[in-house]
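> After the C-alpha cells below, expect a handful of questions from me.
Derivation of every value follows stated rules applied to the coordinates shown; laboratory data play no part. Remember, predicted model here, so these are calculated numbers, not experimental data. When we count neighbours, we look across all protein chains shown, and the Cβ atoms used for this are built from the backbone with ideal geometry, even at glycine.
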Amino acid sequence: MPAMDSSRFLSCLFPILFLMINQALGQNCIDGKGNYTTNSTYQTNLNRLLSSLPSDENGNGYGFYNASYRLNSSNEHIYAIGLCRGDVKAEDCRSCLNNSRYALPQSCPNRKEAIGWYDDNCMLRYSNRSIYGVMETEPSPAYYNINNVSSSDLDGFNQQLRKLLESIRSEAAAGGSLRKFAFGNTSAPSFQTIFALAQCTPDISEQLCSDCLVGAFADISSIYGKVGGGVNKPSCKFRFDLYPFYDPTTVKQLPSPPPITPPIHSPPPSTNTTNTSQGSKSSKSRTVIIIVVSIIASLVLAMFMGICLRVRKAKKKLQSNLIPDEDMDEIGSAESLQFNFDTIRIATDDFSEANKLGQGGFGSVYKGRLFNGEEIAVKRLSVNSGQGDLEFKNEVLLVAKLQHRNLVRLLGFCLEGVERLLIYEFVPNASLDHIIFDPIKRAQLDWDRRYKIIVGITRGLIYLHEDSRLRIIHRDLKASNILIDEEMTPKISDFGMAKLFGVDQTQGNTSRIVGTYGYMAPEYAMHGHFSVKSDVYSFGVLVLEIVSGQKNNSFRHGENMEDLLSYAWKCWKEGTASNLIDPALTNGSRNEIMRCIHIGLLCVQENIPDRPTMNAIVLMLNSYSVTLPVPSQPAFFRDSNVGSDMTLGWKNSSEVITTGSDRSNGNSVKAPENEVSLITEVYPR
C-alpha cells in the first residue's frame, strides 16, 4: 500500500478504534452511594430529571447543563450534570445527552450515582448528593490508540506533548464560567503533528480546573508510549492524537465584552464656506464649547473617581478588620462561593431558634434550606468573638480548597458588614460523640460501621497531610469534630484551628496553643511543637474511644474512673487488651478489633518518630501481612502509684485550651470561656 493511502487508512481507522475503546470505558457505576428500587418514585423522578436536562432552561448555551429535582415527601434530591465537548454542535450535544440518559441507567441499573462518557462527545452524571461546583477526580478511566510511538522518537514526542498539554491546560482553566475548553497542536519528531484538547466543567473555579487537569495529566503514565489517548474525570478531561479529531470551526464564540464608547463626541466640521468671518466665529465658538464641556466632563470624572476611591478605601478598611490584605484577592477570586446575606437569612428563617443546631464560643450554627431545596448548615460567627476573624479566614481559605468525601464540604461564605457566615453541607446524623458516647445510640454502631468510620477518618487525614494541594495540620481532631452522614460516612469538620504547611515543611511551633484536653499530643500541649504526628496522636485517642465507646478522660472500668490511655496501656502490658472492647460489640472480627487497639497505642506513643504516619496506618488497616511494631508507653501515662499532680489534669473533653507566651509549668490550663471549638454541637433536633 502506498504511503499516502496508508496514512489515509490510519486516519480513518483511529476514530473507530477510539470509539470502540470509549464504549468499553463509557460508564462507571459508583459503589457505596445507595440503590433505588425498580419502578419506584425515585426511578420515575430520575427519568424525569434526565429527560428535562438537555433543555435551554437548564443549559448555559455552551454545552453545559445542570439541574436538580427534589423528591416528594422527603428531603432527598437528585442532581444531574451534562457536559458536551467544546466543539460539538448544539443539536449533536442534545442528541448525545438524550441517548446517554437511556444508556447510563441501563448500564448502571438501580444505582443512585453514575457517570458516563459517550462517543467522546458528551458526559452525563447524576447523584443523590450535590455535585455542582465540586471538583472530583474519580473515577478516571483512560483510553488509548493501540499504536505505539517509535522508540527513537519517544523522548522528543513526550517532551512536545507535555508542552502542548501545559499550554492548553492554562487556556482551558482561564476560560471563564461559561466554558473551560482549549485545543491546540504542535510539531513532533518524524514530521508528525500532535493534536490535543483539554476541558473542565465550567462550574468549578480556574484553580480547581487547573488542579484537575494536572491530576489527569499525571494519569498519562497508564498510556505511556501511545500515539494517542486520553483520560476522563468527572470534572475534567484531555485527549491527544496524531490527527485532528476536533473541529475548530464548530467552536461557538464566547460573547465579547461590550465596547467602551468615548463620553464626548466632537461635532462634525461645518460645510458652510460662504462667509469666512461667520465660519471663523462659529469655529471659535465650537472650540470654546468643546473646551468647556471637556473641562466639565473631566471635573465630573475626577469627582466620580474620587468618590469611588473613598468608597473602595472604606470598604477595604472594613474588610481588613476581617481578613488580612494578602488574603483578600484569594477570597475575591472565589466569587462563585459568595452568598448574599438575605438569601441565607431567608433560608434559616431569619436565624430562628427553631433552626438552631448548636452553640459555640465563636457563634451559632443553624439549619437552613436554599431556594432549590438543598439543606445547609450555616455557621454565624459572633460579632464579639475574640478569635473569630482568624478562624473565619482559616476556614474560608483552607476548606474551600479541600474536596474529599471524608471532609465536610464548604458550600460558600458570606461577608456583609459585620456579618461573617460559613455555609456547609448539612450532615444529618450528628457528630460522632453524640453516638459513640451515648449508651443507647452506640449500640447501633456495630463493628463494621465503627471500622468504616476509622478507615474514613484515616483517608481524610491522608488527604490533609499528603494528597491535598496544601499540607494541613488539623490540630483539633476529636469525636465532636467528626460528622456522620446518612450513610455513616465520617466527615472531618471544623478547620478554624488548622495550620497550613508548605509542601516541604514537616513541623512548626506556636505560642498560641489551641486544641482539646485529652486529644492533644504532649509536645504540642507543653511546648507548642506541632506536626502531622500531632494529628496522628489525636487519631490514636479517637480510635481507642471508638473501640471502647468511652471518653478518653472518663473511662469507666467497673466502679472505677480511669484515664483511657493509662487503662489501655495497663491492659496491653498484662495481655488483657480485650477488656478494652466495648461490651456493646457483640459481633465483628476480634482480630480486627485487637489490631485497631494495637494501632491506637502506636499512635499515642510519647516518642514522636515512633508514631506511624497516616499512610502507614492505612497500610496497617488494609494488610494483615504487615507486622505491627510493639508499642511503647503512651504519653501522659498515669500509673496508679503516681499522684495526680504529675498529670496534666485533663478536664471535660469538650474543653479547648489556648495560651499565649505565658504558659503554665506543666499544670492544666483553664480555657477562657470564649475559647471553644467553632462547631461543637452540630446535630439535627
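> So who's got an amide H within less than 5 Å of the one on GLY363, skipping anything under 5 residues away but keeping other chains? H placed 1.01 Å off N, in plane.
For GLY363, whose amide H was placed from the backbone, the distant partners under 5 Å are SER382.
> Assuming 0.890 mPa s and 25 °C, estimate D for the range 192-256 with Stokes-Einstein, Rh taken as the Kirkwood radius over Cα pairs, in µm²/s. Mind dumping the intermediate values first?
Values: Rh = 13.1 Å.
Estimated diffusion coefficient is 187 µm²/s.
> Where the only charges are on Cβ atoms (+1 Lys, Arg; -1 Asp, Glu), what is the dipole of the range 8-251 about its Cα centre, to the nearest 20 debye? Write out the running numbers ahead of the final one.
Working: 21 positive and 22 negative charges, 76 e Å.
Computed about the Cα centre, the dipole is about 360 debye.
> Please work out the Kirkwood hydrodynamic radius for the range 39-137, using every pair of different C-alpha atoms, and report it in angstroms with one decimal place. Walk me through the numbers before you get to the answer.
Numbers: mean 1/r = 0.0738 Å⁻¹.
Final number for the Kirkwood radius of the range 39-137 is 13.6 Å.
> Using the per-residue mean of other Cβ atoms lying within 10 Å as a proxy for protection, in what order, highest first, do the peptides 543-553, 176-186, 106-116 fall? If you can, show how the numbers build up before the last one.
On the way: 543-553: 23.5, 176-186: 19.8, 106-116: 18.0.
Ranked by mean Cβ neighbours within 10 Å, highest first: 543-553, 176-186, 106-116.
> Now for a separate question. Taking the alpha-carbon set of the range 8-251, what are its Rg and Dmax in Å?
18.2, 65
> Would you please put 159-165, 575-581 in order of how densely packed they are, using the mean number of other Cβ atoms within 10 angstrom per residue and starting with the highest? Intermediate results must be reported in sequence, preceding the final value.
Working: 159-165: 16.4, 575-581: 14.6.
Output ranking for 159-165, 575-581: 159-165, 575-581.
> Pull up all non-local amide H partners of GLY412: gap of 5 or more, or a different chain, and H-to-H distance under 5 Å with H placed in the peptide plane.
Those qualifying (amide H under 5 Å, at least 5 residues apart or on another chain) are ILE423.
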